[in-house]
1. Restricted to region 126-141, and to residues that are within 16 Å of the chain's Cα centre (by Cα) and without any contact (Cβ under 8 Å) to a residue 60 or more places away in the chain, which residue is surrounded by the fewest Cβ atoms within 10 Å (Cβ to Cβ)?
2. Please work out which one of (1) farther than 21 Å from residue 79 by Cα; (2) surrounded by 17 or more Cβ atoms within 10 Å (Cβ to Cβ); (3) modelled with pLDDT of 95 or more is the condition residue 144 fails and give its number.
3. Of all residues in region 150-180, which are exposed (fewer than 13 other Cβ atoms within 10 Å of the Cβ), in contact (Cβ under 8 Å) with a residue 40 or more places away in the chain and farther than 19 Å from residue 44 by Cβ?
4. Evaluate region 125-144: report whether one residue or more is part of a loop (DSSP other than H, G, I, E, B), out of contact with any helix residue (DSSP H, G or I) (no Cβ under 7 Å at 6 or more places or on another chain) and under 22 Å from residue 43 (Cβ atoms).
5. Which residue pairs have Cβ atoms under 7 Å apart, sit 6 or more places apart or on different chains, and have a first residue in region 100-113 that is on the phi < 0 side of the Ramachandran plot and a second that is at pLDDT below 90 and exposed (fewer than 10 other Cβ atoms within 10 Å of the Cβ)?
6. Pick from region 114-124 the residues that are outside any strand (DSSP E or B) and free of Cβ contacts under 8 Å to residues at least 60 places away in the same chain: which of them is surrounded by the fewest Cβ atoms within 10 Å (Cβ to Cβ)?
7. Mind telling me which of the residues 185, 151 ends up being within 18 Å of residue 58 (Cβ to Cβ) and at pLDDT below 90?
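The values are calculated or read from the model by the stated rules, or taken from the named source; none is laboratory data. The structure displayed is predicted, hence computed values, not measured ones. With ideal geometry, Cβ positions are generated from the backbone for all residues, glycine too; neighbour counts draw on all protein chains shown.
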């Protein structure tokens, strides 16, 4: 039994090579109090992130807009190998009592993944966290610092990293996203 669990863990960990696995269950960070979803809508640029297998390009951005059914249209894009790639998904508020805890799915066959807004001022910066818990034995973190512009001051980035760290989220492997040359025609 122990060998099969160890083998299963090794297989799962090999699938998460770009992600950041940690032992134990997901942390439960505090999210933005009084979160206003409508103010959050619009275009956000990825400034820094924990490595993610599904994000390999540059000029990564996401545009959020409300649908008439109160779900959220989520369009993410990146430039990969000189080609603009877009993917559309759906976001929902998973608990109306806690609107900063969103769920996002990019496929109707996949469940919604956590997309928690830990902090935002709505006009400059947003801190987003997601975590996948694997049998409460380990978890895989995703964290993003988003900006309304393609760059943010270092002091803002350091404050963002501190916010993650103060919520038991290890951001020591956080990397800067490439946001140069994005406005050129492909």
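1. 130
2. All conditions are met except number (1).
3. Selection gives 168, 173.
4. No, region 125-144 contains no residue that is part of a loop (DSSP other than H, G, I, E, B), out of contact with any helix residue (DSSP H, G or I) (no Cβ under 7 Å at 6 or more places or on another chain) and under 22 Å from residue 43 (Cβ atoms).
5. 105/111
6. The extreme case among them is 123.
7. On the way: 151 fails: at pLDDT below 90.
Exactly one residue qualifies, and that residue is 185.
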